[in-house]
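Below: one structure, written as structure tokens.
A short reminder: the numbers here are calculations on the coordinates, not readings from a lab. Computed from a prediction, not measured in an experiment: that's the story for all the values here. Cβ coordinates were reconstructed from backbone atoms using ideal geometry, including for glycine residues, and neighbour counts include every protein chain displayed.
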Amino acid sequence: MNVSQAIKARRSIRKYTDQEVTAGQIGEMLEAARLAPSGLNAQPWRFKVIQDQKEIAWISSEASKGQRWVGRAKAVFLCCVDLGRYMEDARASVRFLKDSGVLPPEMQAGIEEYVQKAAGAPPEVLRYAAATNCSIAITQMMLQAVELGLGTCWIGMFDEQSIKDRFSLPDQMAVVAMLAVGHPAEDPGPRPRKELEEIVLS
């Protein structure tokens, strides 16, 4: 399966079989996330893998606002960003780029100005930027899952504080999404998509 085939085959899967998701499959999905691109190579994403069925059942009730279908998943990834390390890692990347001499002076100055402004940005702005980077990593995980014969569904409606309390996540760790994973028990057709003419600006 090539990338184009995986993109076309991906679906939001909400029905799963009883077959387990293996440690190897989870590892391959995490590796796909690890290799994702990010702004200034800061890599702010952090993932906690939940496989205990009692915990997944809890997620399917109050934590996900009653999305009971989640309880059939064999794994749920808590997709987080480390806001405490985000700017520190971005600065380290800038220092590496500067020391390597690969950037022209005008670009280097622009990056340093960007990081300086970002450091003084409100917390919600940093969270948004980190979450955008994490979204790229999650997308790569979903495409890797397709190649592995797995189904996934992005979960964007949840009680973040309840999840952080339940799984003892530190204050600087923000939960930006969850990803349910399992072997598909359904084969839905493609959802409607806008035509190219609707999304390409002239």
Kirkwood Rh, angstrom, the chain [1 / mean 1/r, Cα pairs]: 18.5 Å
Residue-averaged [θ]222 nm for the chain, counting only DSSP H segments that reach four residues, each worth -39500 (n - 2.57): -14500 deg cm²/dmol
Amide H contacts of GLY151 (H built 1.01 Å from N, under 5 Å, at least 5 apart or other chain): GLY182, HIS183
0 to 90° range, to nearest 10: angle between helix 23-34 axis and the chain longest Cα axis: 30 degrees
GLU20/GLN172 FRET efficiency (R0 35 Å; Cβ-Cβ; nearest 0.05): 0.60
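To the nearest 20 Debye, how big is the dipole of the chain about its Cα centre, given +1 on the beta carbon of each Lys and Arg and -1 on that of each Asp and Glu? Walk me through the numbers on the way to the answer.
Details: 24 positive and 25 negative charges, 82 e Å.
Approximately 400 debye in magnitude.
If the chain between GLU186 and TRP154 were fully stretched, how many nm would it gain, using 0.36 nm times the residue separation less the Cα-Cα distance? Could you put the intermediate results ahead of the total?
On the way: separation 32, 0.36 × 32 = 11.52 nm, distance 1.62 nm.
Value of the extension gain: 9.9 nm.
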Two-decimal ratio, segment 19-73, of alpha-carbon radius of gyration to 2.2 N^0.38 Å: 1.41
Gain upon complete extension [THR139, LEU103; 0.36 nm per residue less C-alpha separation]: 10.1 nm
Of PRO190, PRO104, PRO37, the one that fluctuates the most in a GNM where the chain has Cα springs shorter than 10 Å: PRO104
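Kindly put TRP45, TRP58 in sequence by how many other C-beta atoms sit within 10 Å of each C-beta, fewest to most.
Ranking TRP45, TRP58 by Cβ neighbours within 10 Å, fewest first, gives TRP58, TRP45.
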Choice from ALA42, ALA121, ALA75 with maximal GNM fluctuation in the chain (Cα, 10 Å cutoff): ALA121
Under 15 Å from the SER162 label point (7 Å along Cα→beta-carbon), backbone N, segment 48-84: 55-71
Angle in degrees between helix 83-100 and the longest Cα principal axis of the chain, rounded to the nearest 10: 50 degrees
Pairwise label distance in nanometres, SER202 with GLU62, each label 7 Å out on the Cα-Cβ vector: 5.5 nm
Kirkwood estimate for segment 20-123, i.e. one over the average of 1/r between Cα atoms, Å: 16.5 Å
Highest-MSF residue in the chain out of LEU150, LEU40, LEU103 [GNM, Cα springs under 10 Å]: LEU103
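What is the Rg over Rh value, at two decimals, for segment 94-202, using alpha-carbon atoms and the Kirkwood definition of Rh?
Working: Rg = 19.6 Å, Rh = 18.2 Å.
Using Cα coordinates only, the ratio equals 1.08.
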Cβ-based exposure ranking for THR152, THR132, in which fewest neighbours within 10 Å come first: THR132, THR152
